[in-house]
């Protein structure tokens, strides 16, 4: 039995294979997903050859302390923002030494929303050594679990896009 759907597991297996073929490693920095990307990747036997490091940086202090996200970015843009997602990805890549890092920050709900940041708003960024950091913003629908799982799938897709760069 697994926590994840067959299509999501298949997507993760394909991503791990792409990383192997390119001889790259992956790290994560997760906020609203609470480690689900890491859990998905480690659900697959043998993933340790390319998945090296997972951070759950749920609190702002952890984003700053573990990933080096500047306090001013959080104060100016909020934790759920493009600037913070990019800084999280870059920090995870730098601190882990992984080739590629993906970061997710968002509002999974049902609480935490504001007028300009509704439930389902998720920022995802992917950093790779020598490549400009990619960013996507999503507005996912559904309950907390649905938003989080959609964010996981989108994060895998963004890493896949980065591997094509």
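Just one of the numbered conditions (1) surrounded by fewer than 18 Cβ atoms within 10 Å (Cβ to Cβ); (2) in a helix (DSSP H, G or I) is not true of residue 12; which one?
Tallying (1) surrounded by fewer than 18 Cβ atoms within 10 Å (Cβ to Cβ); (2) in a helix (DSSP H, G or I), residue 12 fails exactly one: (1).
Hey, could you check the stretch 120-165 for residues that are at pLDDT 95 or above, in a strand (DSSP E or B) and out of contact with any helix residue (DSSP H, G or I) (no Cβ under 7 Å at 6 or more places or on another chain) and say which is surrounded by the most Cβ atoms within 10 Å (Cβ to Cβ)?
121
Scan the stretch 25-53 residue by residue and report those that are free of Cβ contacts under 8 Å to residues at least 40 places away in the same chain and assigned to a helix (DSSP H, G or I). Break it down into steps so the answer makes sense when it comes.
Start the filter on the stretch 25-53 by keeping residues that are free of Cβ contacts under 8 Å to residues at least 40 places away in the same chain, which leaves 35, 38-39, 41-42, 44-51.
If the condition is that a residue be free of Cβ contacts under 8 Å to residues at least 40 places away in the same chain and assigned to a helix (DSSP H, G or I), then 38, 39, 41, 42, 47, 48, 49 are the ones that fit.
Tally up the residues in the stretch 120-148 that are at positive phi and touching a residue at least 24 places away in the same chain (Cβ under 8 Å), please.
1
Hey, can you tell me all the residues within the stretch 40-78 that are modelled with pLDDT under 95 and surrounded by fewer than 16 Cβ atoms within 10 Å (Cβ to Cβ)?
Scanning the stretch 40-78 gives no hits.
Considering the stretch 79-112 alone, what residues qualify as being farther than 22 Å from residue 158 by Cα and buried (at least 16 other Cβ atoms within 10 Å of the Cβ)? Full working, then the answer.
Residues of the stretch 79-112 farther than 22 Å from residue 158 by Cα: 109-112.
If the condition is that a residue be farther than 22 Å from residue 158 by Cα and buried (at least 16 other Cβ atoms within 10 Å of the Cβ), then 109 is the only one that fits.
The values are calculated or read from the model by the stated rules, or taken from the named source; none is laboratory data. None of these values were measured; they are calculated from a predicted model. All Cβ positions, even for glycine, are placed from backbone atoms using ideal geometry, and neighbour counts span all protein chains on display.
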